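K.L.:
Take a look at the following structure, please.
The values are calculated or read from the model by the stated rules, or taken from the named source; none is laboratory data. Remember, it's a predicted structure, so these values are computed and weren't measured experimentally. Neighbour counts run over all protein chains shown; Cβ positions are idealised from the backbone, glycine included.
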Amino acid sequence: MEDDSFLTHSDAYRLLEVYDQQKQKSKVRHVCYTLGDERFRDVADKLSQIVESGFIVGDGLQHDGLQHDGQSDSEDIVDMLVELLKKSGDELNEKIKLNHALLGYLQDSFTYSMFEKLTTTFIKSVVPEHQQSVRNREQIAWTFEVTSRLKALDLHPMNRVMGFGAKYVKDHFTPWVQGHGGWEQAFDDDEDEVH
């Protein structure tokens, strides 16, 4: 990945850390977390609210291994992961750990390119395509959620998945965030983005 140090010091990376810490804190209430950069707490809260208000519908697909219906292995993996990512927490971890072909592929071949394809496919499955140009907040929130869920799989060092998330945000949403005055203002409730 190009210029990892830039990404790990970026606002997007720090916001991803705060978002993930808040998600972990909400799961384990008795653990005390230090939420790094306080200026991102409100934004992370708003991102969580967007995700919690979203509705994810899985198609009920059960994949025991890789399918070969004309798609490449990578496309099959993306499709399986999108469906699994629609589940959360322990269920996601257990299903991936039980699928040895998927687990092996992820441990050996998880790259930024795969992360980008997976995140884009996931977003398209939860934000209708005709609304994607006006629903940047939702797309960003789901990018943070995908990153957090993948980080929880513990397949790679945390900073790698978080770096992939920061790079995805940089590549896909930086102009929108900057055009709306930065993270705090882009997620200000008074913004006029369509919901």
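K.L.:
Any residue in the range 73-99 that's over 16 Å from Thr147 (Cβ atoms) and basic (Lys, Arg): show its pairings with residues that are at pLDDT 80 or above and in a helix (DSSP H, G or I) at Cβ separation under 6 Å, as long as the two are six or more apart or on different chains.
P.N.:
Lys95/Leu84
K.L.:
Please go through the range 75-127 and give me each residue that is more than 15 Å from Tyr168 (Cβ to Cβ) and outside any helix (DSSP H, G or I), ordered by number.
P.N.:
Lys86, Lys87, Ser88, Asn99
K.L.:
If I go through the range 128-139 residue by residue, how many of them are at pLDDT 80 or above and outside any helix (DSSP H, G or I)?
P.N.:
Matching residues across the range 128-139 total 1.
K.L.:
Every residue in the range 28-66 that is in a helix (DSSP H, G or I), at pLDDT below 80 and exposed (fewer than 12 other Cβ atoms within 10 Å of the Cβ), please.
P.N.:
Selection gives Glu38 alone.
K.L.:
Taking Val146 and the conditions (1) within 17 Å of Ser53 (Cβ to Cβ); (2) free of Cβ contacts under 8 Å to residues at least 24 places away in the same chain, which numbered condition does it fall short on, given that it satisfies the others?
P.N.:
Single failed check for Val146: (2).
K.L.:
Enumerate the pairs (first residue in the range 165-180 and under 14 Å from Glu138 (Cβ atoms); second residue anywhere and part of a helix (DSSP H, G or I) and among the polar types (S, T, N, Q)) with beta-carbon separation below 7 Å, excluding pairs fewer than 6 apart on the same chain, so at least 6 apart or on different chains.
P.N.:
Val169/Thr143; Phe173/Asn136; Trp176/Asn136
K.L.:
Okay, next question. Of all residues being among the small types (Gly, Ala, Ser) and either closer than 26 Å to Ser109 by Cβ or not in a helix (DSSP H, G or I) (or both) in the range 141-184, which is modelled with the lowest pLDDT? Just the residue, please.
P.N.:
For the range 141-184, the residue satisfying everything is Ala152.
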